[in-house]
Amino acid sequence: MPIDLIVFGPHPDDAEIGLGGTIARHTAAGHSVGVCDPSAGEPGSNGSPDVRRREADAAARVLDLAWRENLGWPDGAMATTPVLVRSAVSVIRQHQPRTIAVPYWIDRHPDHVEASRTLTEAAFKSGLRRYDAEGAPWRPEWVCYYFINDGATPSCVVDVSAHYERKREALACYGSQFA
């Protein structure tokens, strides 16, 4: 079933940090939004993968997501490999999003940078007829980049003022990360 927006967040909580308000605005307007977390945050200093999964599920309910899934990429060791690209292509082809949101390619966290590279490649390859991955070829109308830690001059700004409280509620679900 086609979806309006897929937000890829390298770790559980990154989608909420970078685009929580935008997600809330879109779901409040009736758009379907899914979040794909490539990794579970395994070596993180706070919280276990199980705790972070429960937190991500709670945040998904707050944001009224259509779905949320985790690809099981190796946290702390992301790399643009054929296996990781193919897994992201399969998600894109399965959900046929109009728009994909990917982390901005400059960030202090190496996983965010590598996820950006891998997901940018996946967004391109998802539309190739001869690329070997699950699902029929699909090219989103728009691939946008969002900031998690670092920033630059944006080319697009979304007013989320009316939805910022829901972003805060979603972030509050991550007690292991923000307590």
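The values are calculated or read from the model by the stated rules, or taken from the named source; none is laboratory data. This is a predicted model, so every value here is computed, not measured. Note that we place each Cβ from the backbone using ideal geometry, even for glycine, and neighbour counts take in every protein chain shown. Surface accessibility is based on the protein's heavy atoms, side chains included, excluding ligands, DNA and RNA. Shrake-Rupley method; radii C 1.70, N 1.55, O 1.52, S 1.80 Å.
Residues that are open to solvent by 50 Å² or more (accessible area, probe 1.4 Å), within 28 Å of A162 (Cβ to Cβ) and either charged (D, E, K, R) or outside any helix (DSSP H, G or I) (or both) are absent from the range 75-83.
When we screen R61, R68, R52 for residues that are of a type outside the set (S, T, N, Q), assigned to a helix (DSSP H, G or I) and open to solvent by less than 60 Å² (accessible area, probe 1.4 Å), the only hit is R52. Among the residues of the range 109-125, is there at least one that is assigned to a loop (DSSP other than H, G, I, E, B), of a type in the set (S, T, N, Q) and in contact (Cβ under 8 Å) with a residue 24 or more places away in the chain? So far as the range 109-125 goes, no, none of its residues is assigned to a loop (DSSP other than H, G, I, E, B), of a type in the set (S, T, N, Q) and in contact (Cβ under 8 Å) with a residue 24 or more places away in the chain.
In the range 99-115, of all residues being open to solvent by 20 Å² or more (accessible area, probe 1.4 Å) and of a type outside the set (D, E, K, R), the one that is nearest to A15 (Cα to Cα) corresponds to Y104. Of the residues making up the range 140-171, just one is in contact with a Phe, Trp or Tyr (Cβ under 8 Å, 6 or more places away or on another chain), open to solvent by 60 Å² or more (accessible area, probe 1.4 Å) and touching a residue at least 60 places away in the same chain (Cβ under 8 Å), namely F147. The C-beta contact set for the range 50-66 (first residue closer than 12 Å to K167 by Cα, second residue open to solvent by 30 Å² or more (accessible area, probe 1.4 Å), distance under 6 angstrom, 6+ apart or interchain) comprises A59/C173; A60/R68; V62/E169.
Working only within the range 98-109, note down all residues that are touching an Asp or Glu at 6+ places or on another chain (Cβ under 7 Å) and farther than 11 Å from I148 by Cβ. The answer is R98, T99.
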